[in-house]
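None of the figures in this text is laboratory data; all of them are computed from the coordinates on show. The structure presented is a predicted model; accordingly, all values stated were derived computationally and were not measured. All Cβ positions, glycine included, derive from the backbone under ideal geometry; neighbour counts span all protein chains shown.
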Amino acid sequence: MLSQIRPAIVMIVLFTALTGLVYPLAITGVAQLVMPRQANGSLIEGDGTVIGSTLIGQNFASDRYFHGRPSATTGPDPADPSKTTDAPYNASNSMGSNLGPTSKKLVDRVNAAIEAEFAVGRIDVVAADAVTTSASGLDPHISPQFALAQASAVAKARNLSAAQVRALVEANIEERVLGVFGEPRVNVLLLNMALDRLK
Amino acid sequence: MTSIGLAQIAIVLIAVVVAAIPLGDYIARVLAGERTLFTPALSPVERAFYKLSGVDPAREQGWLTYTMAMLAFSVIGFLSLYALQRLQAYLPLNPQGFGGVPSDLAFNTSLSFITNTNWQNYSGESTMSHLTQMLGLTVHNFVSAATGLAMAFALVRGFARAESPTVGNFWVDLTRATLYVLLPMSVVVALVLIALGVPQTLAGSVEATTLEGAKQVISIGPVASQEAIKELGTNGGGFFNANSAHPFESPNALSNMLEIWALLVIPFALAFAFGRAVFDFRQGRAIAITMMIVLVAGVLIAYCAEANGNALLTAIGVDPSPGNMEGKEVRFGVATSALFATSTTGTSCGAVNSMHDSFMPLGGLIPLFNMLMGSIAPGGVGAGLYGFLVLAIIAVFVAGLMVGHTPEYLGKKIEAREMKLAMLAVLIYPLSVLGFTAVSVMLETGLASLNNAGPHGLSEILYAFASTTDNNGSAFAGLTGNTLWYNTTLGVAMLLGRFAYVIPVLAIAGSFAAKKKTAASVGTFPTHGPLFIGLLIGVIIILYLLQYFPALALGPIVEHFALLAGKTF
């Protein structure tokens, strides 16, 4: 065993240098040089400030915007930093609800979400993604079904015609890649930015 | 289930097999010390590694020395990783200014990464500095996978050789597996991932002002380089807490497909590498087919369970047609979430693109059962192949008992010593999984960590010990693992699952290497045809259902019936 200690130590040092430094730094160098937009997080800038990332969902609470999916992320409680509190779309603490299929909490939460949305007349059909939390809590997408369901409420809040907003949603639907991979979806942030550009 | 969902699953699996056959050939050549495409570029590096560490690459080791070298490397790896985490506050490349990692968490995380488990009781983006992620976690993603490859090849050499006192040189296997297999593949996969949108930067976070005017702090970092080896080395430890469900780890359907491909391809390739090493392609093919049958069966059951949605939510008006979307991302959907979940637990990867804790009872049963079987379809990098060969030995032994002929596998007589060692390896798992689970459910501190009540709570604990013992690392993540009790016991489970399992395996390797090869006779049971495949599947199912059915009945199975009856907890 003792005769194996030297190679063990030297190998750890060498592999650390090679796979822990050379490899990630070389990849970082190439990425920053060749693909800076992706390498820096596919950010969207407007007026010199960062609005967000096309890949990361944002929290939308206003009636004037399309809403994303419920998010289970939390953040430190401002009143007591040792505790956490709900902080939807906290992009420095990704997480899902981890509620199991027979969880009473899950069923109650979904029920409350359905009642709240129906009460303010935002949605008319309960799409599955409208009332379930995503795995990351940062899902940038919603289903076309959920987006279309919100169209008339958003149109009303903005004094636009429902047809105009529906057309905007249709134009923002991303189809499956090559017709096979993934699911049809709408990027909520991009849709809302397009909405802001509508006259 | 939709035809597009099934088509996505089929395309990925076909792409895996197409790549695995030539890759297996390549890996076998690398570990036989032959010349390869990368030899001109990498052999100076390789020679420098041997020179600096005082290793004579021509000198082979017996199984005991080989084991000692592997253990020495693991101990040193553990100590250095532990120190790095504890001291990260005083070291550079810590843009978010994180403090040192607490001792019990650092203990758990170090064991987790040296054993190729990558169970994460920490949240990457809020605990680990970039230096720790790069110098600690990324490094062990490489070397723990290379260690697995090395051990698998020690066993393969046991079958391939006759009357040999040695099984190879651990340092040579480790170095060659890293340099020639894992590193080049990681570079390619990392660059493709970046092109698809995965970030790669040394910045720590980006501050954005959202459309509604709120502040959003977006964690970022050198994600792609870690993501590539995380899948290829079947490690599974994510840069972010949400792992491959995080849009920065997997931004779209293509990155999702690439990651599933990457985590499956080396384990399948190893089955073919085995065939080449024993000079019989059919032997490797039989193992690959068996792995694929078990994998596909699991995917179909999980997909079916998830595709129907949650009846409890359908009852209150939720549209069931997209399936069970709690804990899943819209861009992936249920089909590839089920495929990812089955693949990541069929290998010892443990990366997740959806939250297994929120799967339907039977959808979650599949990942759980995959790990209880020791992740053998197709298994982790290396760990899958040696786990599978142990089962093949047992299957051949059972066949031998049935026909009353001395069992032999690839010309090696299987005798009492090998059978005892094989059974010892196989019995470590239930001892650890069921033992720790039983104790945890009796302790208040064990139950305090639960996120779900009722049978699902038992599933959470059972899943945690299955995942760690199996060196998988995926989780029913509702369980709060970052407590003194779970950090410690899960750590011990990872140790048992890796080392208490592999030491008997290496002893078998030594024992087979020393044996003569007997020529096949009419009485020899052929181990390359459908009869053997059927027998192997039968042995796997009987062995593991007998061990775990009672525990599964109290967890996911009773939950399934409770759900059908409309009961919540």
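Calculate how steeply helix A:5-15 sits against the longest principal axis of the alpha-carbon atoms of chain A, using the helix alpha-carbon long axis, and give the answer as 0 to 90 degrees to the nearest 10.
Value to nearest ten degrees: 40.
Could you give the size of the charge dipole of the protein assembly as shown about its Cα centre, using +1 on the Cβ of each K and R and -1 on the Cβ of each D and E, expressed in debye and rounded to the nearest 20?
1800 debye
Using only DSSP helix segments of four residues or longer, with each worth -39500 (n - 2.57), what per-residue ellipticity at 222 nm results for the protein assembly as shown after dividing by its residue count and rounding to 500?
-18000 deg cm²/dmol
Given a Förster distance of 51 angstrom, what is the FRET efficiency for residue B:403 paired with residue A:86, based on the Cβ-Cβ distance and rounded to 0.05?
Plugging the Cβ-Cβ distance into 1/(1 + (r/R0)^6) gives 0.20.
Where a ≥ b ≥ c are the square roots of the eigenvalues of the C-alpha gyration tensor, would you call the protein assembly as shown rounded, which needs a/c under 1.5, or, failing that, prolate if a/b is larger than b/c, or oblate?
It is prolate, given that a/c is not under 1.5 and a/b is the larger ratio.
Any idea how far the Cα center of segment A:14-57 sits from the one of segment B:369-432, in Å?
With segment A:14-57 and segment B:369-432 each reduced to a Cα centre, they are spaced 45 Å.
Residue by residue through segment B:267-281, which ³J(HN,Hα) values in whole Hz follow from phi under the Karplus form 6.51 cos²θ - 1.76 cosθ + 1.60 (θ = phi - 60°), with glycine and proline marked x?
Taking θ as phi minus 60°, the curve returns x, 5, 4, 5, 4, 6, 4, 4, x, 5, 5, 9, 6, 8, 3 Hz for segment B:267-281.
Counting only other chains, and only Cβ atoms inside 10 Å, what mean value do you get across the residues of B:199-205?
6
So how do A:160-171, B:147-158 stack up, highest first, on mean other-Cβ count within 10 Å?
Output ranking for A:160-171, B:147-158: B:147-158, A:160-171.
Exposure proxy check: B:408, B:60, A:45 ranked by fewest other beta carbons within 10 Å?
Values: B:408 22, B:60 17, A:45 10.
If I rank by nearby Cβ atoms, fewest first, I get A:45, B:60, B:408.
Count, for each residue of B:451-459, the Cβ atoms from other chains sitting within 10 Å of its Cβ, then give me the mean as a whole number.
Working: counts 6, 9, 5, 4, 2, 5, 1, 0, 1.
Per residue, the average neighbour count from other chains is 4.
PRE reach from residue B:3 (point 7 Å along Cα→Cβ): which of segment A:178-199 fall under 19 Å by backbone N?
A:178-184
Which whole number gives the average, over all residues in A:63-69, of C-beta atoms from other chains lying within 10 Å of the residue C-beta?
1
So for segment B:239-390, averaging the separation of alpha carbon pairs under 8 Å that are six or more residues apart and normalising by length, what relative contact order in percent results?
Relative contact order for segment B:239-390 comes out at 28 percent.
How do the peptides B:453-465, B:436-448 rank, highest first, by the average count of neighbouring beta carbon atoms within 10 Å per residue?
On the way: B:453-465: 24.8, B:436-448: 15.1.
Final packing ranking: B:453-465, B:436-448.
Apply the Karplus curve 6.51 cos²θ - 1.76 cosθ + 1.60, θ = phi - 60°, to the phi angles in segment A:20-26 and return the couplings in whole Hz, x for Gly and Pro.
Values, residue by residue: x, 10, 4, 4, x, 6, 5 Hz.
What aspartates and glutamates does residue B:412 reach when the alpha-carbon gap must be under 13 Å and sequence neighbours fewer than 8 apart in one chain are set aside?
B:163
Which entries in the list A:83/A:104; B:420/B:515; B:413/B:516; B:413/B:517; A:105/B:328; A:83/B:328 go over 20 Å, if you measure between the two C-alpha atoms of each?
A:83/A:104; A:83/B:328
What is the distance, in nm, between label points placed 7 Å from the Cα along the Cα-to-Cβ direction at residue B:315 and at residue A:33?
Calculated label separation equals 6.1 nm.
What spacing in nm lies between the two simple spin-label points modelled at residue B:89 and residue A:194, each 7 Å away from Cα in the Cβ direction?
4.9 nm
Is the shape of segment B:210-356 rounded, prolate or oblate, going by the alpha carbon gyration tensor and its root eigenvalues a ≥ b ≥ c, with a/c under 1.5 for rounded and a/b larger than b/c for prolate?
oblate
Can you tell me the order of B:11-17, B:23-29 when each peptide is scored by its average per-residue count of other Cβ atoms within 10 angstrom, highest first? Write out the running numbers ahead of the final one.
Working: B:11-17: 17.7, B:23-29: 21.3.
Answer by packing, highest mean first, reads B:23-29, B:11-17.
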